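The values are calculated or read from the model by the stated rules, or taken from the named source; none is laboratory data. Treat the numbers as computed from the prediction; the structure is a model and nothing was measured. When we count neighbours, we look across all protein chains shown, and the Cβ atoms used for this are built from the backbone with ideal geometry, even at glycine. These accessible areas exclude ligands, DNA and RNA; they are computed on the full protein's heavy atoms, side chains included. Shrake-Rupley method; radii C 1.70, N 1.55, O 1.52, S 1.80 Å.
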Amino acid sequence: MKHSPLFTKRRFLKFSLLGVAGAATLVAGAGAYITQTNRYRQRYGQLLVVDGHLADIAHTLAEACVPNRPGFPDIEQAEVVKRLDEELFFVSDNISSDLKAAFYLLEMFPLAYGHLSRFSRLTVAERKQVLTAASDTQDDTLRAVIANLSAMMRWYYYGHPSTWKVIGYDGPFMNLPEKHSEQRIHYAKLVNSASTQSNEKAS
């Protein structure tokens, strides 16, 4: 009998998320773990996709994936979360949904490994330990999901000009100034428009 094609990557992520969340409930009251804290969200201004608590998860993952040494910019200076938001705005709804599910799976992952807190509430050192544990898990798909999220954060970080000098990269050939694509220009206009409307409502 053929296996049903309905068991896609998206379904795996959602079932895994439910499973880890269930483990959290056994450890302590679920309400304490799913509270949307938004500790870092206010730092980023207007976002179109990576909003609310999702911005916290992305921020804290990026902190655990890149160097924290003199000369290296922090996550905000390298605009990692904003770059992620921009990329997700232009992908299909299915891809966006998959990535969001993957981030929330990471958020609950520490609870299945003995931590009494979600990923975004751990210290940077604890988050690094969780990522190491994820790299050693026997579940190939789960390991790949979390490894790819980490790689994506590093890609956005080192793709920002603020990191180039410290890693010895000279920049684009002939030092030509960056020219944004029509897609990035369109995104910037949408963000500015949404920010203006938000400010008008607040005033």
Legend entry - Count of residues meeting criterion [open to solvent by less than 50 Å² (accessible area, probe 1.4 Å) and in contact (Cβ under 8 Å) with a residue 40 or more places away in the chain] in segment 160-171: 3
Legend entry - Count - residues of segment 109-130 that are within 15 Å of ILE57 (Cβ to Cβ), outside any helix (DSSP H, G or I) and of a type in the set (Gly, Ala, Ser): 1
Inset, instruction - Could you list, in sequence order, all residues of segment 75-92 that are buried (at least 17 other Cβ atoms within 10 Å of the Cβ) and either under 12 Å from the mean Cα position of the chain (by Cα) or not small (Gly, Ala, Ser) (or both)? - result: ILE75, GLU79, VAL80, VAL81, LYS82, ARG83, LEU84, ASP85, GLU86, GLU87, LEU88, PHE89
Inset, instruction - Determine, yes or no, whether LEU116 is more than 15 Å from VAL50 (Cβ to Cβ), of a type in the set (A, V, I, L, M) and open to solvent by less than 60 Å² (accessible area, probe 1.4 Å). - result: no
Inset, instruction - Scan (1) part of a helix (DSSP H, G or I); (2) at pLDDT 90 or above for the single condition ALA133 breaks and write down its number. - result: (2)
Inset, instruction - Working carefully through the options ASP140, ASP74, ASP51, find the one that is without any contact (Cβ under 8 Å) to a residue 40 or more places away in the chain, out of contact with any Gly (no Cβ under 9 Å at 6 or more places or on another chain) and closer than 24 Å to GLN183 by Cβ. - result: ASP51
Inset, instruction - Filter segment 136-159 down to residues that are open to solvent by less than 70 Å² (accessible area, probe 1.4 Å), assigned to a helix (DSSP H, G or I) and either in contact with a Lys or Arg (Cβ under 8 Å, 6 or more places away or on another chain) or among the basic types (Lys, Arg) (or both), then give me how many there are. - result: 2
Inset, instruction - Of all residues in segment 125-175, count the ones that are among the hydroxyl-bearing types (Ser, Thr, Tyr), more than 27 Å from LEU111 (Cα to Cα) and over 18 Å from the mean Cα position of the chain (by Cα). - result: 3
Inset, instruction - Within segment 93-108, identify whether any single residue is outside any helix (DSSP H, G or I), surrounded by fewer than 20 Cβ atoms within 10 Å (Cβ to Cβ) and free of Cβ contacts under 8 Å to residues at least 24 places away in the same chain, and answer yes or no. - result: no
